[in-house]
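Scroll down for the structure; my scribbles are underneath it.
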Amino acid sequence: MEQLQRKHVSRLVPADHRVLMPLLLAVTIVNSATLGYDSSVMNGLLILPAYSDYFHLSTATEGLNNAAMWMGGILGAFLMQPIPDYFGRRRAILIASIVTIIGIILQAASQNIGMFVVARIVVGIGSAISNGAAPTLLGELLPPRQRARVLGLFFSCFYVGSLASSIVNYGSQNIQGTWEWRLPSLLQLIPSLLAIIIVPFVPESPRWLIAHERNDEALEVLTIMQGKNKTDAQAGSEQLREIRDTLIREAEEYPRNPWREIISTKANRQRLFILCTFGPMINMFGNFIISYYLTKILSQAGITDTVTQTQVQVIINCWSFVVAIVGSFMLDILGRRVQVFIGISGMVSTLLLIGGLIKRYGGSSDTSGIYGTIAVIFLFQGFYAFSITPMTSLYPTEISPFKLRTTGIAIFRMLDSSFGLLASFAMSYAMADLGWKFYFINAAWDFVFLIIAYFTFVETSKLKLEEINARFEGTPVVVGVVGESSSGIDGRDTKGGGIVEKTMEPHKEVGLSPSWASHAGHLLPVSQQNRIRNRFHGHNSNNVLPHSNEAGTYHIGDVYAPLEQKRPWELNTDFMPYLKHIKNISRGWPSLSYLASWMEVTTSPVKWKYLTEEDRETRAKHTRVVMIDFPRDIDGETTRTSINSIQELRRLFEAYDFSHSPDHSRLFVIEDLSRDVIEAFGSAYDIDPHFWRGHISDYLWYNTRDPWVELEELPHIIRSRNFYHFRYVHPRYFRSKDSQRRATEEARRMNVLRRLDDDRISASLLDDEQASVNMWRSKASLWLRRNEKHQKHTLGILIVDPSIKEGHPLWGKGFNLESPPSLSSKTIPAIPVPKDSLFEAVIYWTIKMSMQQLKELEEQPNNFSIAILSIIAVEWLTVKEYVTTRLTQIEWELEVPDFRGHGEKYGLDASLKWLHPFRRNVPRYRKWVTNILNGILSDKNLSPTDPKDQSLRDLREDFLIILRDLDTLQAQVQDLVRVVTAIISIEEAKRSAEQNKSLARLTYLAVVFVPLSFVSSFFSMTSDVASLRTTFWVFFVVAVPLTLLSLSVTRWWAIARWLRRGRD
């Protein structure tokens, strides 16, 4: 296991998460307590007579003092985004603390009301910056199941500072002179000083570090955050790559200034609406009057004693703190929306009660009424603390993506401060002028807020930040993918270095299948490609299919405008002679330049920007090779040597007793490819680079700008080469979409490009609707050469694709090529035939070659292909049977009238849609089988009588039968398309006939009513309406015969037939 060496992260940051987690909680408590103390100190100062007397406060100046901090909050909101984004989250907290300390010193030293107001503005600016940076830092460090609690506690600890302020104010009442109010002001320094002390002990946000190209430091932070003493740099590297992929994707989706991007998409506008409503809500629920005007409320309720008012303030802060803590832990139990609904409903009810009690008992000496009023005030504050307080820092952080996070929080805090400023001025006048009615008005707009929250708030409980983004986008999220998710603290919800969460399917919308959506995206105009990209928001970009919208457009240069400068992935080839050779000759053979780039990136070049150096090294060293040495004579045994690292392969090739031209036949079987494997074999055997080039990619078609196009060569050139490529498909059954997605992820982790084609048919009566059958496009490549010293022996290299572990082979078929033993046989195979690994199956059947085949091998080197071609033939037979099955199902449904509807699941439209994949793919399958027949199994290479060719002749007969079956299936598909099209035309004709009958009926009605309307209009053309009474009978005399005449004309053919029948 690779151990991380700390080079960038400060040694002050503890490596043990049991120490680090309390420090993160301390950041939460200290920053929140600073806000609470700063916000509540004014409430306490208003109670102190020395403060009011010193500044000669009036209603206007009292409101101005309270509003000053909100003015600073508005100014500070403009700094919330640039300072944390430029200097980093940690430094922003330090800057905020320093600014706050300067303001506090000015406040404590104030000589007049102007100086005091300026000081409060400075304090507001510092608090605003801290309020933006601290929650962002915590939200980007914490995992989903701890994020709600810690960020809920963040604003819940507001009451710690508020409580401390109340206690200090209560104790300072006994101080004589101006220090009665200067001391509480000066003690505001303590939380800010604690923040400066604690911040060096916590790490910087890894997302900010990655966004600023400080990947090594981010890797150290992510590794430290693994928890349970995990120092596996591999896991941290995986997370770093996934987070960076998300940031790159966001940079592509939101390339402009974040203040413009916040309104660029429907999802962002929804986020903006929530932020713009939730910000004002915080200060308009009624809590503002409790925090800043509790003295007035208590006076209205009949409590005028200063000591009693201070005691009530201390107790209500303790109560609010306890309830807020409970609310923080309930966020993931009740959910964000339910908890908000409970809180707002409770606040509406209690505000109505407060207004009624103040009207009834305000100014009276009835102690029961006064205590009842205080009790309801406590209930109101409890509802607010339970629901809104934990959400204040949590929800804006959750709903904003990384690039827009500080911008979103800045907008939220700007509106929060603006409405706080409005409330601080207006509420003092409103409470004075309206009295008890004010609480009824407040309850009314709380009800409006309840309706807004119901229709706009999105549930974010237990979701990763990435999955929350997908909720807004309305797209499905891929399981087990870490993009915007935070790193695990205790290691319990980490797997492979990343948080693994359940699949979320917002609005039950079915997303595009990754195996074909990338092709669909290629067909869209650039203006629409963001829509496709958004549907993939959140999946593992490191393993995206290359040359697709997910991977980005032509950032490696297109064929007409290649990159002129040095490519960013290029390597020093001084110690890679084979790669250097490929690059040198690629000018004459342009298709080889893609192989050179592939070797340098060690996978499809378009992925280079998603891979770290560690990723590329891991892929480059991937080695899984088996060397099979065949016996020199029939009495010998075939031996197998497994090689599982590039170091083993190099040691083998460099060993003094190893011969590259042995006195026997030898076959190397390679699973997948890598840079170092190609370099080792290419250098040792001087292999034509086109052998590797033909294997690394798998395309069905190209775009006109693609620089990776591999054009077919002239047939006679292909026949002259000593290598072959065999293309085929492996049908695989998946029980669910999740299983199919996991298989796609397996494919993306391979170095070579391979894909799954979903036929998108799962609607047969006996099929599982969640299941699917995918065609795994595969390729095998075989290189052959006679040994230089022993010409009758052959050296071969066979490359096969890795096998997907997810899902099942269709119908559970394996690769058993032998007849079963008879009843009398006492020999039962001791080793089971490999079923789930093509690599092992090829090796198994190659080693089990018969004595006759081994003898033939000396004269016919192509016999090395017997095992792989036999397995491929079995795969083609399975494909043939599957296509036959699907076509038979479609034919059966066409015979049943109940299925001739127009639904998505069954019907003519669905049948036609299902036929299109087969209409497109079967000709392609024919071509691949034909290429095998024209290549290694060509009749020109096989003698009809020579025994050495017997095994290959048998295989040729098998493939000819497969080709004839595919021809039959192709004709069947074309016939079915014609039949379905004809049935659709007939059904349309029937519907047209029915519509014509309806039109005929309407014609008869028109024949009846048109004459009546004409006669009616004709006789009504007079100004003397009264005279119509005398000619009323004329209407019927004229209208009835005219109507009968019209009907006779339209039905004349029927009347004539009736008359002829009468004469007969």
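Arranged from fewest to most other beta-carbon atoms within 10 Å of their beta carbon, Arg1060, Arg18 become Arg1060, Arg18. Calculated FRET efficiency, Leu877 to Thr639, Cβ-Cβ distance, R0 = 25 Å: about 0.20 to the nearest 0.05.
Taking the centroid of alpha carbons for each part, segment 620-682 and segment 367-396 are 75 Å apart. Residues whose amide H lies under 5 Å from that of Ser661, counting only those 5 or more places away or on a different chain, are absent; hydrogens are built 1.01 Å from N in the peptide plane.
Between Trp701 and Ala971, the FRET efficiency from the beta-carbon distance, with R0 = 25 Å, is close to 0.60.
Starting with the fewest neighbours, write out Ile316, Ile263, Ile102 ranked by other beta-carbon atoms found within 10 Å of each beta-carbon.
Lowest count first: Ile263, Ile102, Ile316.
Over 26 Å apart at the Cα level, from the set Lys7/Lys462; Lys913/Lys997; Lys609/Lys913; Lys607/Lys880; Lys779/Lys805, are Lys7/Lys462; Lys913/Lys997; Lys609/Lys913; Lys607/Lys880.
Using r as the Cβ-Cβ distance of Asp686 and Ser822, and R0 as 45 Å, what FRET efficiency do you calculate, to the nearest 0.05? The formula returns an efficiency of 0.35 here.
Going by how many other Cβ atoms sit within 10 Å of their own, how do Phe959, Phe658 line up, fewest first? Walk me through the numbers before you get to the answer.
On the way: Phe959 18, Phe658 12.
Fewest to most other Cβ atoms nearby, the residues stand as Phe658, Phe959.
3J(HN,Hα) couplings calculated from phi for segment 920-926 with the Karplus curve 6.51 cos²θ - 1.76 cosθ + 1.60 (θ = phi - 60°) are, in sequence order, 7, 8, 4, x, 5, 4, 4 Hz; Gly and Pro show x.
Bear in mind these aren't lab numbers, they're just calculated from the coordinates by the rules spelled out. It should be emphasised that the depicted structure is a prediction, and the values quoted were computed from it without experimental measurement. So basically every Cβ, Gly included, is an ideal-geometry build from the backbone, and we count neighbours across all protein chains shown.
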